[in-house]
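J.: First, the structure itself, so that you have it in front of you.
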Amino acid sequence: MSPPEPSDLVIVANRLPVDRITNPDGSPGWRGSPGGLVTAIEPIMRANSGIWVGWPGGTETGLEPFEYDGMTLDPISLSEDEIAGFYEGFSNATLWPLYHDLVAKPEFHREWWDSYVSVNQRFAERAASRAAKDATVWVQDYQLQLVPQLLRELRPDLRIGFYLHIPFPPAELFQQLPWRRQVLEGLLGADLVGFQMPGGAANFVRLVRQRVGHKTHRDLVYLPDDRTVRAAAFPISIDFKGFEELAKSDAVAKRATEIRNALGNPTKVFLGIDRLDYTKGIYARLRAFSELIRDDELDVEKAVFVQVATPSREQVEEYRVLRDEIDRLVGRINGDLGRIGRPVISYMHSSYPREEMAALYRAADVMVVTPYRDGMNLVAKEYVACRYDDLGALVLSEFAGAADELLEAVLVNPHDTSALRDAIVTAVEMNRHERRSRMAQLREDVRASDVQTWADRFLADLVAEAADQ
Ligand code: F6P
């Protein structure tokens, strides 16, 4: 396709919603890419015609903008060195653990930072070239925190929003970052900086006051050049109706039955679906479940835990270690406690399309979501959206952003194995009446604030904030 016309809305995210792959016959193709960001932004892109600038995975160069499933996608390529320095290094071995409460130890390397700066510059230049005059550019997530300022230098006419999909850490942790001031200044290029939780917005404003020295008042930062920047919470959500309709479809109903049959028709199916990430608490939940089987609180003939772990960041050391740990744990649990045709854990290291996920949600009696720290966790909301029968129970970590909204879930501290065991038992033994009324309330909560509401609120506030300048 020839270069797209400059657009009034440009989304800039590290990832495109599709990854470049090689088909079994050797031809190039596209496959949906993982993660909550893509799930959230896709419906917004379809509803508002815009351009999505992002990386399609891999190192292929020279890819032209193209139309995909009703969206205009504009690929940015990364070299092998940039994948190692910007993506695997600074984004996912420095910022990711630092922003998730140091669940793993962040590494600080100057070469990674240099790579982060130069890749952010390339994203900013591409966005500048795709945006029409006075357009809105909406920059997404921790991989691109310098883009707002770099873009403002190139195109002061633009309205620039930034949204952080992951938690923003307390000052005590953030200030370990050797480049803390540059990151804060990068974000201050935006008119509006959005966070999942009010706590993240407050952490940011406090750090700007302490570390950059700007005046602040409540959610506003006053810059020396007379601009103001607002920092506020916009809890993200999902396409509730889309998931509900999918779950109601005959194909998904049929597939859900097939899944339960294939599992040997157990009385209770427990489910976890996560990117294979050390923040998600997969090890802790599987261990707690296996203890319940070991101690005869659950019967292996009647209960099974289905765990889907979507491959993620496989070149990063911590992720390789985690994969080995989970492989070993699942092998040990099934070896010790399983029976012929009755594994304790049915484990898939694979990614699935939305239809299969909806079928799994429908097939599961209890969904177990136990991150140590999570910006929101959209899987929990997807499960709720798919339970149009008002059945099913949700076990949810107190440390997921979703716990602030989904108060009728069985909330748990995933660091506490006994509490995890109790939460799983509470969810499975809940009587039908209570399960129904809790799920009905959970569904109301998610329905009332879906992803369109989230985007509308953010974009309306961005317009208002930019108009005030
Ligand atoms: O939602 C958080 C996030 O890190 C997104 O920014 C990202 O696209 C997604 O998870 C998946 O991670 P990755 O792009 O590294 O595979």
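The values are calculated or read from the model by the stated rules, or taken from the named source; none is laboratory data. Treat the numbers as computed from the prediction; the structure is a model and nothing was measured. Ideal geometry is used to build each Cβ from the backbone, glycine not excepted, and the neighbour counts take in all protein chains shown. Surface accessibility is based on the protein's heavy atoms, side chains included, excluding ligands, DNA and RNA. Shrake-Rupley method; radii C 1.70, N 1.55, O 1.52, S 1.80 Å.
J.: Report, ordered by the first and then the second residue, all pairs with beta carbons closer than 6 Å, sequence separation of six or more or different chains, a first member in segment 29-54 that is touching a residue at least 40 places away in the same chain (Cβ under 8 Å) and closer than 19 Å to Ser351 by Cβ, and a second member that is near the ligand (Cβ under 9 Å from one of its atoms) and open to solvent by 30 Å² or more (accessible area, probe 1.4 Å).
T.: So the pair list comes out as Pro34/Arg275; Gly54/Arg15.
J.: A further question on this structure: Would you list the helices (runs of 4 or more DSSP H) that sit entirely within segment 228-301 and hold 2 or more residues that are over 30 Å from Phe162 (Cα atoms) and touching a Pro at 6+ places or on another chain (Cβ under 9 Å)?
T.: Result: 282-294.
J.: Going by what's in this entry, would Arg20 be described as of a type in the set (Lys, Arg), within 12 Å of the ligand (Cβ to nearest atom) and open to solvent by 10 Å² or more (accessible area, probe 1.4 Å)?
T.: No; evaluated as a whole, the condition is false for this residue.
J.: Out of the residues in segment 304-328 meeting the condition of being assigned to a helix (DSSP H, G or I) and over 29 Å from Ile340 (Cβ atoms), tell me which one is nearest to the ligand (Cβ to nearest atom).
T.: Tyr319
J.: If a residue has to be aromatic (Phe, Trp, Tyr) and within 18 Å of Ala464 (Cα to Cα) to count, how many in segment 187-214 make the cut? Explain how you work it out, then say what you get.
T.: Here is the first cut: in segment 187-214, the ones aromatic (Phe, Trp, Tyr) are 195, 204.
Next cut, within 18 Å of Ala464 (Cα to Cα) only: 195.
Summing the residues that are aromatic (Phe, Trp, Tyr) and within 18 Å of Ala464 (Cα to Cα) in segment 187-214 gives 1.
J.: Within segment 112-130, can you find the residues that are open to solvent by less than 10 Å² (accessible area, probe 1.4 Å) and either out of contact with any helix residue (DSSP H, G or I) (no Cβ under 8 Å at 6 or more places or on another chain) or within 16 Å of the ligand (Cβ to nearest atom) (or both)?
T.: Correct list: Tyr116, Val119, Asn120, Phe123.
J.: Report, by residue number, each residue of segment 40-75 that is among the hydroxyl-bearing types (Ser, Thr, Tyr) and open to solvent by 40 Å² or more (accessible area, probe 1.4 Å).
T.: Once the filter is applied, which keeps residues that are among the hydroxyl-bearing types (Ser, Thr, Tyr) and open to solvent by 40 Å² or more (accessible area, probe 1.4 Å), segment 40-75 yields Ser49, Thr59, Thr61, Tyr68.
J.: Which is open to solvent by 50 Å² or more (accessible area, probe 1.4 Å) and either assigned to a helix (DSSP H, G or I) or in contact (Cβ under 8 Å) with a residue 12 or more places away in the chain (or both), of Glu82, Glu172?
T.: Being open to solvent by 50 Å² or more (accessible area, probe 1.4 Å) and either assigned to a helix (DSSP H, G or I) or in contact (Cβ under 8 Å) with a residue 12 or more places away in the chain (or both) holds for just one of Glu82, Glu172, which is Glu172.
J.: Going by the structure shown, is Trp113 within 26 Å of Ile44 (Cβ to Cβ) and aromatic (Phe, Trp, Tyr)? Can you show your working first?
T.: On the way: within 26 Å of Ile44 (Cβ to Cβ): no; aromatic (Phe, Trp, Tyr): yes.
Against the criterion (within 26 Å of Ile44 (Cβ to Cβ) and aromatic (Phe, Trp, Tyr)), Trp113 does not qualify.
J.: Which condition breaks for Pro178 when tested against (1) more than 16 Å from the ligand (Cβ to nearest atom); (2) open to solvent by less than 40 Å² (accessible area, probe 1.4 Å)?
T.: Every condition holds for Pro178 apart from (2).
J.: On the basis of being away from the ligand (no atom under 15 Å from the Cβ) and touching a helix residue (DSSP H, G or I) at 6+ places or on another chain (Cβ under 6 Å), does Ile51 make the cut?
T.: yes
J.: Which residues, counting only those in segment 93-111, are among the aromatic types (Phe, Trp, Tyr) and surrounded by fewer than 17 Cβ atoms within 10 Å (Cβ to Cβ)?
T.: The one that is among the aromatic types (Phe, Trp, Tyr) and surrounded by fewer than 17 Cβ atoms within 10 Å (Cβ to Cβ): Phe108.
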